[in-house]
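Remarks on the structure that follows.
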Amino acid sequence: MRIAVIGAGVIGTTTAWYLARHGHEVTVVDRAAEPAEETSHANGALLHASHAEPWNAPGVLWDLLRWIGREDSPLLLRPGSLPSMAGWGLRFLRYSGQRHFDRSTRVNAQLAVHSLRLLRELRRETGIRYDDAQQGIIKIFRDQASLDKALHASHLMDAMGVRHSVLDARGTVALEPALADVAHELSGSIHYPDDESGDAHLFTLKLADLARARGVDFQMKTSVQRLVREGHRITGLETDAGPVTADAYVLAAGSLAAPLARPLGLKLPIYPVKGYSITLPCGSWAGAPVIPLIDDANKVVFTPLGERLRMAGTAEFTGFDLSLNRVRAESVLRQVLKTLPSLEPHAERSQLTPWCGLRPMSADGVPILGDSGITNLYLNCGPGHLGWTFACGLGSLLADHISGAATALPLAPLAAGRF
Ligand SMILES: Cc1cc2nc3c(=O)[nH]c(=O)nc-3n(C[C@H](O)[C@H](O)[C@H](O)COP(=O)(O)OP(=O)(O)OC[C@H]3O[C@@H](n4cnc5c(N)ncnc54)[C@H](O)[C@@H]3O)c2cc1C
């Protein structure tokens, strides 16, 4: 079959890879010059099945209200964006009940575990490397209540195969000596030994090259303006470089999947949630952390990536605005310094690379995958804060589904029809 994939982020590129392995003739269309130029470019770099819980946890409304309009808060709701997010926002809150939260956590954890298994297979099969590390991840806590809350989610995920162990402050520092300065503040940590890390941008570029070698055509600098629908089928893509036609189409356009699908009559509940990262060369810093860390209280992650340290965090509800706000970028660094004060002399401001991107967040925090309701249009969108973690799993499941093969996991919990 000839298949056109819209979007060359980590999701579209992995989908193209698995479709090509099924023998399809694949074209990937993207408006950027290179793959992974948007949200997949400089994310937190964590492959974390352990973080499978959606962001709309019970109590999220209180957090949103508490931080409303505060530029330095980890979660920022700009009052001006409220009209554009009304429908999505109400659903986001509705899904924050305990029952939905537990269900979504289980679905995501199962998908993430499957995805990491496929990623390991891909590494074995192709030798692909992307500043990857397989050291697990440590999540640190500064109060017992937060640790207990995280343990509730960890127990749910344990049943899905996400192993964890609880450490006290001393055990935490023994595992990651870079935390010695804040040992007295820690109530403990959770170590997830099977989690991994790696540069999603590098991975996507390399996988795109491997896909090209299998015949996948990447049609870059091509913006899709409209999907042309005739009756129950898509008959082509209207792009600024002329029409693109195929037998089937995959929508993997990140946060822009929703506006692209809307004229077709498809309402995808996906909202862009902006986040920031800062990357710092740290080759000469002997005390740099070696294991990726999630700081629960300050809502930041820091991930060693080869000779660099990637720090990421913040969630901002501000529509499709991709302008880089220095205060928000600096706030990621400020939060990290609370845990890694010894970073300060190495955080030479001129060496820092700030970045921001839009997490394509579905209303229930679970990706949207599979049939769209239009016969030959398939969806792979809405992976939110976990798109890198889910990429191989989602790409492979969709390729199996389109090819008529049995899927390794049931697709019903991921289907658009659940909304
Ligand atoms: C600060 C931050 C930290 C994060 N940390 C992590 C993490 O640690 N672990 C994790 O698993 N996930 C993380 N994520 C989430 C992850 O980065 C995303 O879920 C993932 O990158 C989404 O990939 P995607 O391919 O769907 O979207 P994108 O990478 O945005 O790709 C979509 C592509 O579609 C193209 N496109 C859109 N519209 C059109 C059009 N009309 N015509 C042509 N092309 C079009 C775009 O150019 C783009 O290349 C983080 C995100 C952020 C912002």
As a check on your grasp of the helix formula, calculate [θ] at 222 nm for the chain: sum -39500 (n - 2.57) over DSSP H runs of n ≥ 4, divide by the residue count, round to the nearest 500.
-10000 deg cm²/dmol
How large is ³J(HN,Hα) for each residue in segment 386-393, as worked out from phi by the Karplus curve 6.51 cos²θ - 1.76 cosθ + 1.60 (θ = phi - 60°), to whole Hz, x for Gly and Pro?
10, x, 5, 4, 7, 3, 5, x
A chain fully extended from ARG212 to GLU121 at 0.36 nm per residue, minus the present Cα-Cα distance, gains in nm 30.8 nm
About the Cα centre of segment 13-170, how large is the charge dipole given +1 on each Lys and Arg Cβ and -1 on each Asp and Glu Cβ? Please answer in debye to the nearest 20.
500
Using only Cα atoms, find the angle between the long axis of helix 10-21 and the longest principal axis of the chain, and express it within 0 to 90 degrees, rounded to the nearest 10.
50
Protection proxy (average C-beta count within 10 Å per residue), highest first, orders 150-158, 79-87 as 150-158, 79-87
Please determine, in degrees from 0 to 90 and to the nearest 10, the orientation of helix 326-339 with respect to the longest principal axis defined by the Cα atoms of the chain, where the helix direction is its Cα long axis.
50
Among PRO341, ALA363, PHE302, whose Cα projects farthest towards the positive end of the dipole of segment 280-389, with charges put on the beta-carbon of Lys, Arg (+1) and Asp, Glu (-1)?
PRO341
Please work out how many pairs of lysine residues in the chain are eight or more positions apart (or on different chains) and have Cα atoms closer than 23 angstrom.
10
For the chain, the longest principal axis of the Cα atoms and the Cα long axis of helix 82-94 enclose an angle in degrees, to the nearest 10, of 80
If the only charges are +1 at each Lys and Arg Cβ and -1 at each Asp and Glu Cβ, what is the size of the charge dipole of segment 279-419 around the Cα centre, to the nearest 20 debye?
240
Pull out a ≥ b ≥ c, the square roots of the eigenvalues of the alpha-carbon gyration tensor of the chain, then state rounded if a/c is under 1.5, prolate if not and a/b is larger than b/c, and oblate in the remaining case.
prolate
Estimate the FRET efficiency between VAL290 and ALA159 by the formula 1/(1 + (r/R0)^6), using the beta-carbon distance for r and 30 Å for R0, to the nearest 0.05.
0.50
By the Cα gyration tensor axes a ≥ b ≥ c (a/c under 1.5 gives rounded; else a/b larger than b/c gives prolate, otherwise oblate), the shape of segment 98-169 is oblate
Using the Cα centre as the reference, give the magnitude of the dipole from point charges on the C-beta atoms of the chain (Lys, Arg: +1; Asp, Glu: -1; all else neutral), rounded to the nearest 20 debye.
800
Sorting LEU322, ALA248, SER104 by the position of each Cα along the dipole of the chain (Lys, Arg +1; Asp, Glu -1; all at Cβ), the one nearest the positive end of that ordering is ALA248
Test of understanding: ordering LYS267, LYS274 by Cβ neighbours within 10 Å, fewest first, what list do you get?
LYS267, LYS274
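None of the figures in this text is laboratory data; all of them are computed from the coordinates on show. Predicted model, so just to flag it, every value in this text is computed and none were measured. A quick note on method: Cβ atoms are made from the backbone with ideal geometry, for glycine too, and the neighbour counts reach across all protein chains shown.
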